[in-house]
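The values are calculated or read from the model by the stated rules, or taken from the named source; none is laboratory data. Worth saying up front: this structure is predicted, and the values here are computed from it rather than measured. Cβ: placed from backbone, ideal geometry, glycine included. Neighbour counts: every protein chain shown. Side chains included, ligands, DNA and RNA excluded: accessible areas come from the protein's heavy atoms. Shrake-Rupley method; radii C 1.70, N 1.55, O 1.52, S 1.80 Å.
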Amino acid sequence: MSCYLSCENIELKVGYHTLVSRFSLSVKSAQSVAITGSNGSGKTTLLRVLAGLSKPHSGKVTVMSEQISPNNETQHEHYCIFLSNIPSLLLDHCVLWNLEFFTNSYGLKFTIFEYQSALKKVGLENREYQVARTLSTGQKRRLSLASLILSKPNIILADEPTNGLDEIGTQRCLNIFEDLRIHNHSSII
């Protein structure tokens, strides 16, 4: 198995307060890793650093053999997706438009039937023209999961991925992650 993501001696600070010190990790293809800790311990900050959205105070992050921190030396698209604990949606647009926008941003095109199939897998069938603002918190999370089904990322950095989901939604989320891990060799953190 090849290494999809690694970090060495990561240090994270907020002001003068150190959240994480000398953190190292190596994640292989099709591997799942859970990062746990108390509220405010730096889990979200660490995930943002691993996704390349933030910089660590010190340390090195490599995604699929290309360094992203401290200097970004990437030359390829890695399909590393950060799934925020609060779904990022364009609330005044419909469900289908949000899915199209997300997948198009990765250069991916799908048919209406493929979008509808992904929505059905997450329990949002027949909602493709519903405005995203009117979805419940759990339905918004399900819409984010539908985008993962379509994009099939190499690495999923999921921050509280079951946030807002009921028991059925939580099980669907876990099943989607497992399916991506097994069939697409996605690594999930």
(message) Give all pairs with beta carbons closer than 6 Å in which a residue from the stretch 46-69 that is basic (Lys, Arg) meets a residue that is in a loop (DSSP other than H, G, I, E, B) and open to solvent by 20 Å² or more (accessible area, probe 1.4 Å); count only pairs at least 6 apart in sequence or on separate chains.
(response) ARG48/SER54
(request) Being in contact with a Ser or Thr (Cβ under 8 Å, 6 or more places away or on another chain) and open to solvent by 40 Å² or more (accessible area, probe 1.4 Å) is the filter; apply it to the stretch 34-56 and report the residue that is farthest from ASP179 (Cα to Cα). (result) LYS55
(request) Looking at (1) part of a helix (DSSP H, G or I); (2) in contact with a helix residue (DSSP H, G or I) (Cβ under 7 Å, 6 or more places away or on another chain); (3) more than 22 Å from ASP159 (Cα to Cα), find the lone condition where GLU128 falls short. (result) (1)
(request) Please identify the pairs in which a residue from the stretch 91-112 that is over 14 Å from LEU143 (Cα atoms) has its Cβ atom under 9 Å from the Cβ atom of a residue that is part of a loop (DSSP other than H, G, I, E, B) and at pLDDT 95 or above, counting only partners at least 6 apart or on another chain. (result) ILE112/GLU128
(request) Return the pairs, sorted by first residue and then second, in which the second residue is open to solvent by 60 Å² or more (accessible area, probe 1.4 Å) and assigned to a helix (DSSP H, G or I), the first residue lies in the stretch 126-149 and is touching a residue at least 24 places away in the same chain (Cβ under 8 Å), the beta carbons are less than 6 Å apart, and the residues are 6+ apart or on different chains. (result) ILE149/LYS121
